[in-house]
Amino acid sequence: MTETKMSGRTIWKRNLAPPLQAFLRTESGSAGVLVAAIVAALLWANIDLDSYEAVWRTQLSLRLGHLELSRDLHTWINSGLMTLFFLVVGLETRREFDLGDLRDRRRFVLPSVAGVIGMLIPVLIFLAINHSGPGAHGWGVAMSTDTALALGLLALLGRGVPDRVRIFLLTVFVVDDLIALIVIALVYSDDIKMMPIVVAVAAFAVMLAIRAAGVRRGSAYVPVAIVMWGALLVSGVDPVVAGLAIGLTAFAYSPGRAELEQVSGLFRSFREQPTPKLARSASIGLANTLSPNDRLQRIYLPWSSYVIVPLFGLANAGISIDGPFLARAFASPVTWGVLLAYVVGKPLAVIGTSAGLTWISRGRIRPAVGWAGVLGSGTIAGVSFTVSLLIASLAFTGDQLAEAKVGVLSAAIVSSALTWIAFRVTNMLPSDKRTRALFGEMTELVDLIPDVDETRDHVRGPADASVTLVQYGDFQCPYCGKAEPVVRELLGHADLRYVWRHLPLSDVHPQARLAAEATEAAAAQGKFWQMHDLLLEHQDKLNIPDLVKYAGDLGLNQKRFHDDLISHAHAGRIESDIDSADSSGVSGTPTFFINGRRHYGAYDITALTAAIRMARARARLGREAPADPENKRVPLARQHAGQPVPVVDQARPASRRGWRR
C-alpha cells in the first residue's frame, strides 16, 4: 500500500481525539479568527465610534410572566457567553489532571507556583507605577495571560516548536485563570447579595448530586446550571465563575473496553431488530462511553474558540485611536503599568520561578521543557486579552478603560515579537543543542504498562535500539492491515525495536481471538513472526482450516498446532496482553506506544517517522542526563476516573504489576 493511500488513524484519533492535542489545535486555529475580530473592532471604532458603542448598548431582555432579565448586549457577551469560555477552561484543566501530565501530581508544583508568581510580579509592577494614581484599582488588568490566544500565537510564531512547550505553557497558566476568576468575584464584583449566592451554591450541590446518582443526560443539568448562573448574576458576583466550577468537576477518562463491548452488543441487537427503541438504546450507550468532560468539550470547544471569544474581542477591543490619543495613552501610568507588567513581569516570573525551584529542589522539581521552552513560554505569556479586558471593563471607564486596552494590545504585540526572536535564535542552534534547549531533561511519563520484556514479548529489531515501537493489534482489524506496510517500512530503521501485543476485539472481529492464539501456537514452534505476517496478509481467511494450512506452509507440526488451537493452550498468553492493554488505557486497535508513551494521531509513515525521530532525540538526551530517582509510571485514567490515579514504580518487577506470565 502506498503512502498516499495511508490515511488511517488510531481508534482514539478517529473517535476520541486526544484531549490536549485537540485543544491545542482548536485554540491555535481560532487565533486567526480572534485577531481578525480585534482588527475589525478597531476599524469599526475608528470609522464610527458612535455606532460601535450603540450596538453593544442594545438592550436584550428575557421575560417569563412577571419575571424579566434585561441586560445590554455587552453584558450578555461578557457575563453570559464568556461563562461557556470558562467552562472550557475548567474542562481542560480537569482533563490535564485526569489524563495529562498532571496526573503525576508532583508535576503540578512548578506550574502552580509559576502561575501564582506569574500573576504577583506583574501586579507589583503595575502598582509600582500606579500606586499613588487613580488607576491603582485596576491592578487586576495586569495579571492574567490569555492562554487560548497565547497558544494560537505560539503555533504561528514558533513553527516546529514541539507540543511539550505548548503543554508547559498551558499547565503554567491554568492557575492564572483560576485566580483571575477569584479576583473578579472578590474584588471587582459590586453590591454582593448573599441570598442569591446561597441559591447558586445550592444549585451547584444539586448538580453534583445528580452526577453522583449516575445521570448522564445533559438535559438534566441544564436547568440547574441556568439557575446557578442566574443567581450569581443577580448576586453581583460575575457569573463566569459558574462555568469554571462546572468544568472543574467534569471527570475525564478513557472509554473502558468492557463498556465498548457492551455497546457492540447493543448495535448487534439493533442490527437484528432495527426498532426505534433499540436505536435509541444503542445511541445512548455509545454516547455514555465518553466521559462527561469529553462530551462537554465536543459541544462547547468549537463554539468557544470560533464564536464566543472572537465575539468578545469584537465587543471589547474597539477604541478610537488617533495621534493625540496615543500620545496621552503612552504618557499614562495605566498604559505603561499594563505594558511593563506583561512584557517584563511575565517572563521574569516564569523564568525566575523555573530556575529557582530547580535550584532549591536540586533538580527534583524542574520545568518539563528546556531553557528555550521556558523563555518562549515566559515571553508569550505577556499576551493578554480576554480576562484582562473583562477586568478592565469592570475596573475602569472612559479614558482609563481606553488606556488599559492600549496597554493590553501593545503588550500582546511586543510579547509576540519577543517570542518570535526567542524561537528564531533557538532554531539557529545545532540539532542536538536545539533539542536540549526545547525539551530539557524532564523524564517523560510512561503510559505503557508493563515495560517491554525481551524474554516474553515478541520483538523485532536490536535489543539496544534507542526507540521501541509497541503495537496493540488485532489480526482481523482492517486498520491493523493498513498499518502493516507502514510498520514494515519503519523496520528498515536500524535503530528501532518493534513489539506486537495482542488485543483481539472479539465483539466486532469474531475470528481475531483464534488468530491471536494461532500466532502463539506458531511461536511455540519458533515461527511467530512468519505466522504474524501471513495472517495480516490474509485477514479475510482466518478459520481453523485456513490457520492449519498456514502452519503447513510454514513447515510447522500441523497436528501439534491444531491441538494447541482446539485446546486453547495459549489463551493465558493472550489474556496477559489484554490485561496490559487495559492497564495502559488501550481499548482499540491499532494503538502504538513509542518508548512507552502513547502515540496519538495518524499512523501513516510521515507521522510515525516524525514521532520516532523525536523519541530518538529525547532518548539521546535521556542517556546524557542524570537519572531521575523520582521517575514514576502513572497510568492513564480509566473508567470512573474520579478515584485517585495510582502511581506505579517503574523499578518493580513486571510480575508484581499484575502482568501474567
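Here are the numbers for the structure shown:
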| item | result |
| --- | --- |
| Subset of the range 509-544 that is among the charged types (D, E, K, R) and not in a helix (DSSP H, G or I) - its residue that is nearest to Glu575 (Cα to Cα) | Lys527 |
| Which listed residue is more than 22 Å from Leu170 (Cβ to Cβ) and surrounded by fewer than 18 Cβ atoms within 10 Å (Cβ to Cβ), from Val467, Val425 | Val425 |
| Tabulated pairs, the range 99-119, first more than 22 Å from Lys346 (Cα to Cα), second open to solvent by 10 Å² or more (accessible area, probe 1.4 Å) and of a type in the set (D, E, K, R), C-beta under 8 angstrom, 6+ apart or interchain | Asp101/Arg107; Asp104/Lys632; Arg106/Glu630 |
| Test: Ala220 is touching a helix residue (DSSP H, G or I) at 6+ places or on another chain (Cβ under 8 Å), closer than 30 Å to Val187 by Cα and at pLDDT 80 or above | no |
| Pairs with Cβ under 7 Å, 6+ apart, first in the range 343-365 and touching a residue at least 12 places away in the same chain (Cβ under 8 Å) and assigned to a helix (DSSP H, G or I), second hydroxyl-bearing (Ser, Thr, Tyr) and open to solvent by less than 20 Å² (accessible area, probe 1.4 Å) | Val343/Ser415; Lys346/Thr145; Pro347/Thr379; Val350/Ser377 |
| Output for the range 120-146, where each listed residue is open to solvent by less than 10 Å² (accessible area, probe 1.4 Å), in a helix (DSSP H, G or I) and not small (Gly, Ala, Ser) | Pro122, Phe126, Asn130, Val141 |
| Output for the range 401-447, where each listed residue is within 30 Å of Gly363 (Cβ to Cβ), part of a helix (DSSP H, G or I) and among the hydrophobic types (A, V, I, L, M, F, W, C) | Leu418, Ile421, Ala422, Phe423, Val425, Ala437, Leu438, Phe439 |
| Selection status of Pro450, assigned to a loop (DSSP other than H, G, I, E, B), closer than 18 Å to Trp529 by Cα, in contact (Cβ under 8 Å) with a residue 60 or more places away in the chain and in contact with a Lys or Arg (Cβ under 8 Å, 6 or more places away or on another chain) | no |
| Residues of the range 106-158 satisfying the condition of being of a type in the set (Ser, Thr, Tyr) and within 22 Å of Met82 (Cβ to Cβ) | Ser144, Thr145, Thr147 |
| Qualifying residue in the range 368-381 (condition: among the aromatic types (Phe, Trp, Tyr), touching a helix residue (DSSP H, G or I) at 6+ places or on another chain (Cβ under 7 Å) and part of a helix (DSSP H, G or I)) | yes |
| Selection count, the range 96-116, where residues are open to solvent by 10 Å² or more (accessible area, probe 1.4 Å), part of a helix (DSSP H, G or I) and of a type outside the set (Ser, Thr, Tyr) | 9 |
| Residue match in the range 555-568 (condition: under 23 Å from Asp582 (Cβ atoms) and among the hydroxyl-bearing types (Ser, Thr, Tyr)) | no |
| The lone exception for Ala610 - which of (1) of a type in the set (A, V, I, L, M); (2) open to solvent by 30 Å² or more (accessible area, probe 1.4 Å); (3) in contact with a strand residue (DSSP E or B) (Cβ under 9 Å, 6 or more places away or on another chain) it fails | (3) |
| Residue match in the range 251-261 (condition: farther than 30 Å from Asp507 by Cβ and either touching a Lys or Arg at 6+ places or on another chain (Cβ under 7 Å) or modelled with pLDDT of 75 or more (or both)) | no |
| Residue list for the range 471-498, restricted to those being farther than 14 Å from His532 by Cα and in contact with an Asp or Glu (Cβ under 8 Å, 6 or more places away or on another chain) | Val486 |
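Residues are listed down the side, and each one gets a yes or a no for (1) in contact with an Asp or Glu (Cβ under 9 Å, 6 or more places away or on another chain); (2) at pLDDT 80 or above; (3) open to solvent by less than 20 Å² (accessible area, probe 1.4 Å):
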| position | (1), (2), (3) |
| --- | --- |
| Thr2 | no, no, no |
| Pro18 | no, no, yes |
| Leu43 | no, yes, no |
| Ser61 | yes, yes, no |
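Results for (1) farther than 17 Å from Pro255 by Cβ; (2) in contact with a Ser or Thr (Cβ under 8 Å, 6 or more places away or on another chain); (3) open to solvent by 10 Å² or more (accessible area, probe 1.4 Å), shown as yes or no for each residue.
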| position | (1), (2), (3) |
| --- | --- |
| Asp563 | yes, no, yes |
| Gly572 | yes, no, yes |
| Ala581 | no, yes, no |
| Ser587 | no, yes, yes |
| Ile594 | yes, yes, yes |
| His599 | yes, yes, yes |
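Residues are listed down the side, and each one gets a yes or a no for (1) surrounded by fewer than 17 Cβ atoms within 10 Å (Cβ to Cβ); (2) of a type in the set (D, E, K, R):
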| site | (1), (2) |
| --- | --- |
| Ala252 | no, no |
| Ala258 | yes, no |
| Val263 | no, no |
| Ala279 | yes, no |
| Ile319 | no, no |
| Tyr342 | no, no |
| Lys346 | no, yes |
| Ile360 | yes, no |
| Arg364 | yes, yes |
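The values are calculated or read from the model by the stated rules, or taken from the named source; none is laboratory data. In this text the structure is predicted, and so the values were computed from the model without any measurement. When we count neighbours, we look across all protein chains shown, and the Cβ atoms used for this are built from the backbone with ideal geometry, even at glycine. What goes into the accessible areas is simple: the full protein's heavy atoms, side chains included, and nothing from ligands, DNA or RNA. Shrake-Rupley method; radii C 1.70, N 1.55, O 1.52, S 1.80 Å.
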